[in-house]
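Heads up: the structure comes next, in structure tokens.
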Amino acid sequence: MVKKIKTFKGDGGVSVDMGTYRSGELKGIIRIVEESCVGCDTCKTVCPSGAIRGAIGEKHTIDLEKCIFCGQCLVNCPFESISQMSFVAHVIAKLKDKKTKVVAIIAPAVRVAIAEEFGAEPGTLTVGRLWAALKKAGFEIYDNNFAADQTILEEGTELLARVAAHSGLKELPIELWSKKIVLNVEEFKHHPLPQFTSCCPAWVRYVEIFYPKLIPNLSSCKSPQQMAGATSKTYGAKNIWKVKPESVYTVGVMPCTAKIFEASRPEFNSAGKYLKINGMKDVDAVLTTRDLATVFRKLNIDPMKLSEERFPKDFMQYTGGATIFGVSGGVMEAAVRFAFHVLSGQSPQAMSPQWDFEDVRGFTKPVVSATIPVPLKEEYQKIFNTKHLEIKVCVVNGIGPDGAHLKPVIENVLAGKSPYHFIEVMNCPGGCINGGGQPCHPIELGLWEKFLYALAGSKKK
Amino acid sequence: MGNITRRTFIKFAGLTSVLLLTGFPKLSYGKEIISNNFFETPVGRQRINLIKARQAGQYKDDSIMREKFKLAASHENPMIKRFYSEFAHHPLSEVSEALLHTHYKARV
């Protein structure tokens with residue numbers, strides 16, 4: 001049985017730049033419910049950014065200047081004492097408005113967790129059923145897995161450009177779909193290696209607050225959610241759905257609470273800028289996996305009663321590389337599959353285990369690293385003056401308690417001693433599948449928590 | 001349980017003080033030394049089965065996409081080819097830079 005998590009209705013962001021917030025950004029997406037907090041300290045032991053204050057046995061509070069909204073405290077609280085900002089009411093109102101095209105951007109990890117809200121076992125894969133339920137509710141579908149494929153094309157090419165620039169090259173030819181382009185890579189000299197992934201919004205805010213020196217190392221790619229928002233309102237509206245961009249309302253459906261914050265960042269109005277339409281956000285609202293289950297329940301839809309068969313078209317088409325974005329090591333593996341293809345000229349035979357780069361999978365290890373020897377195609381052998389290129393990669397599987405998984409890796413980068421080309425960081429241990437927006441299961445109480453619970457109860461009397 | 005002899009007590013006390021003086025051995029994973037591994041904390045241990053079940057679901061989806069739809073790597077997605085040929089031209093193009101890339105800001 002999953003637990004019910006308290007929510008409160010979302011409103012506008014802050015009106016001016018203040019502290020670690022910029023104008024328009026949502027503040028306090030995660031809040032501790034004072035009445036039910038017993039001060040057991042569990043949240044403090046999982047918080048990646050040291051944002052939780054309060055002594056054992058006292059009511060805890062969140063330092064909003066340090067909070068990165070990952071929601072790890074929320075999913076791990078034994079007393080359901082942490083609540084989340086929700087946009088369920090906003091989205092349901094838009095679904096009722098027939099003039100609006102409401103687009104659901106469904107993240108990879110939602111499909112392995114939403115079934116838990118309807119009584120199924122954890123990990124039950126729900127794709128056809130989820131799409132059918134969303135259609136029934138009135139959503140158009142832009143699978144975020146399609147955006148993950150976009151991310152790999154952009155971020156993988158960016159990585160190759162950085163590697164080329166730091167090997168002293170001025171340009172790099174790239175062949176895709178039998179078409180050749182030549183990229184000018186000179187400016188990538190200013191984009192240092194290792195390149196860090198930028199898909200995880202909690203990690204991005206963590207860098208901006210605690211390690212701003214590493215900003216040039218972050219990939220310039222938006223996260224898939226934001227790519228999906230900007231693509232929906234431009235290419236999607238015009239070429240695929242043939243509607244006005246202003247009538248498109250984009251809803252991220254995410255395993256994540258930090259995505260709620262990400263969508264409110266002021267720079268994410270790029271579709272509006274591109275189309276010269278004022279005041280248009282790339283992503284209008286974000287629902288967590290739990291929130292989407294609430295929407296389904298309010299509309300009397302049970303996805304588990306629908307057919308799991310899938311008929312992907314348009315933005316529902318995605319690859320194996322895209323769907324593993326939901327697990328730690330997935331972005332890395334997808335990028336390696338793509339880079340391997342470009343550099344070696346070989347095509348991935350879909351079934352071949354050669355395209356399973358298992359060494360980069362985080363599973364339940366806090367940090368993994370691998371060296372991947374890539375055989376170069378003839379053209380690149382001449383350019384790089386070698387037959388094999390060794391790509392060195394590292395995966396940080398969760399920032400860890402107070403940064404414990406991440407800090408040793410980052411300290412090496414800051415000291416200029418990091419051997420890697422590419423480092424993936426996901427805030428949540430296990431990756432997005434264990435995100436702060438996912439269905440919550442009971443946390444068993446130890447003796448100590450039981451004692452504090454009893455103590456808090458006796459204080460009330 | 002027998003009585004604790006003086007010898008057992010001294011052994012135990014000695015071992016404890018050695019651990020306290022030298023510090024508990026830190027856990028090492030690959031090249032990195034991790035001081036506090038989430039997966040070995042009391043809360044982390046409770047979440048491992050859930051994490052593994054969802055991971056298995058995600059890799060199952062990977063095999064479905066590869067075996068049934070023959071799509072392993074991102075550039076093989078037919079809609080990706082269409083998106084670039086009709087709209088964005090190629091990765092890191094001007095359109096890509098405008099819509100798919102961003103910048104960051106230090107927050108002090």
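Which residues, counting only those in the stretch A:259-290, are buried (at least 24 other Cβ atoms within 10 Å of the Cβ) and away from chain B (no Cβ under 14 Å)? A:K259, A:I260, A:V286, A:L287, A:T288, A:R290 - these are the residues of the stretch A:259-290 that are buried (at least 24 other Cβ atoms within 10 Å of the Cβ) and away from chain B (no Cβ under 14 Å).
The residues of the stretch A:20-33 that are on the phi < 0 side of the Ramachandran plot and within 14 Å of chain B (Cβ to nearest Cβ), listed by number, are A:T20, A:Y21, A:R22, A:S23, A:E25, A:K27. Against the definition (surrounded by fewer than 24 Cβ atoms within 10 Å (Cβ to Cβ), more than 24 Å from B:F83 (Cα to Cα) and among the polar types (S, T, N, Q)), how does A:S247 come out, yes or no? Here the answer is no, as A:S247 does not meet what is asked. Of all the residues in the stretch A:340-353, those that are in contact (Cβ under 8 Å) with a residue 60 or more places away in the chain and facing another protein chain (nearest Cβ under 7 Å) number 0. Of the residues making up the stretch A:7-27, just one is over 22 Å from A:I92 (Cα atoms), outside any loop (DSSP other than H, G, I, E, B) and more than 21 Å from the chain's Cα centre (by Cα), namely A:M18.
Inside the stretch A:8-32, can you point out the residues that are surrounded by fewer than 17 Cβ atoms within 10 Å (Cβ to Cβ), under 18 Å from A:C73 (Cα atoms) and not aromatic (F, W, Y)? Spell out how you get there, then give the answer.
If we filter the stretch A:8-32 for residues that are surrounded by fewer than 17 Cβ atoms within 10 Å (Cβ to Cβ), which is where we start, we get A:8-9, A:11-19, A:23, A:28.
Narrowing further to those that are under 18 Å from A:C73 (Cα atoms): A:8, A:28.
Hit for the stretch A:8-32 is A:G28, nothing else.
Any chance the stretch B:66-83 includes a residue that's facing chain A (nearest Cβ under 7 Å), in contact with a helix residue (DSSP H, G or I) (Cβ under 6 Å, 6 or more places away or on another chain) and acidic (D, E)? No, the conditions are met nowhere in the stretch B:66-83. Residues that are touching a Lys or Arg at 6+ places or on another chain (Cβ under 6 Å), surrounded by 20 or more Cβ atoms within 10 Å (Cβ to Cβ) and in a loop (DSSP other than H, G, I, E, B) within the stretch A:75-112 are absent altogether. Of the candidates A:S328, A:S307, the single residue that is in a loop (DSSP other than H, G, I, E, B), modelled with pLDDT of 95 or more, touching a Lys or Arg at 6+ places or on another chain (Cβ under 9 Å) and surrounded by 24 or more Cβ atoms within 10 Å (Cβ to Cβ) is A:S328.
Pull up the stretch A:123-140, narrow it to residues that are within 20 Å of A:A93 (Cβ to Cβ) and in contact with a helix residue (DSSP H, G or I) (Cβ under 6 Å, 6 or more places away or on another chain), then point me to the one that is farthest from the other protein chains (Cβ to nearest Cβ). Before the answer, list the steps.
Residues of the stretch A:123-140 within 20 Å of A:A93 (Cβ to Cβ): A:133-140.
If we keep only those that are in contact with a helix residue (DSSP H, G or I) (Cβ under 6 Å, 6 or more places away or on another chain) as well, we get A:133, A:138.
Working: A:A133: 17, A:G138: 23 Å.
Looking at the filtered set, the residue picked out is A:G138.
If you go through the stretch A:33-51 and keep only what is crowded, with 22+ Cβ neighbours inside 10 Å and either among the β-branched types (V, I, T) or in contact with a Pro (Cβ under 8 Å, 6 or more places away or on another chain) (or both), you end up with A:V38, A:C40, A:T42, A:V46, A:C47, A:P48. Restricted to the stretch A:143-162, and to residues there that are under 19 Å from A:F340 (Cβ atoms) and polar (S, T, N, Q), the residue that is farthest from the other protein chains (Cβ to nearest Cβ) is A:T151. Residue count for the stretch B:28-83 satisfying the condition of being crowded, with 21+ Cβ neighbours inside 10 Å, outside any loop (DSSP other than H, G, I, E, B) and touching a strand residue (DSSP E or B) at 6+ places or on another chain (Cβ under 8 Å): 2. One residue is enough: does the stretch A:193-212 have a residue meeting the conditions touching a residue at least 24 places away in the same chain (Cβ under 8 Å), more than 18 Å from the chain's Cα centre (by Cα) and crowded, with 23+ Cβ neighbours inside 10 Å? No, the stretch A:193-212 contains no residue that is touching a residue at least 24 places away in the same chain (Cβ under 8 Å), more than 18 Å from the chain's Cα centre (by Cα) and crowded, with 23+ Cβ neighbours inside 10 Å.
Would a scan of the stretch A:6-19 turn up a residue that is free of Cβ contacts under 8 Å to residues at least 24 places away in the same chain and within 12 Å of another protein chain (Cβ to nearest Cβ)? Yes; the residues of the stretch A:6-19 include at least one that is free of Cβ contacts under 8 Å to residues at least 24 places away in the same chain and within 12 Å of another protein chain (Cβ to nearest Cβ). Determine which single condition A:R337 fails, assuming it passes every other condition in (1) charged (D, E, K, R); (2) more than 9 Å from every other protein chain (Cβ to nearest Cβ); (3) over 14 Å from A:C394 (Cα atoms). Exception for A:R337: condition (2).
Of the helices (runs of 4 or more DSSP H) that lie entirely inside the stretch A:172-281, those containing 3 or more residues that are of a type in the set (A, V, I, L, M, F, W, C) and over 30 Å from A:K96 (Cβ atoms) span A:201-210. Taking the stretch B:84-108 as the range and being within 7 Å of chain A (Cβ to nearest Cβ) and in a helix (DSSP H, G or I) as the test, the residues that pass are B:E86, B:F87, B:S96, B:A98, B:L99. One residue is enough: does the stretch A:165-172 have a residue meeting the conditions within 30 Å of A:L406 (Cα to Cα) and within 12 Å of chain B (Cβ to nearest Cβ)? No: zero hits.
Evaluated against (1) in contact with a Leu (Cβ under 6 Å, 6 or more places away or on another chain); (2) farther than 29 Å from A:D282 by Cα; (3) charged (D, E, K, R), B:E40 falls short on exactly one condition, (1).
Does A:G119 meet the test of being more than 18 Å from A:P255 (Cβ to Cβ), surrounded by fewer than 21 Cβ atoms within 10 Å (Cβ to Cβ) and touching a Ser or Thr at 6+ places or on another chain (Cβ under 8 Å)? No; evaluated as a whole, the condition is false for this residue.
Among the residues making up the stretch A:291-319, those that are within 14 Å of chain B (Cβ to nearest Cβ), within 23 Å of A:Q226 (Cβ to Cβ) and not charged (D, E, K, R) are A:P312, A:F315, A:M316, A:Q317, A:Y318, A:T319.
The values are calculated or read from the model by the stated rules, or taken from the named source; none is laboratory data. Everything numeric here is computed off the predicted structure, so don't read it as measured data. Ideal geometry is used to build each Cβ from the backbone, glycine not excepted, and the neighbour counts take in all protein chains shown.
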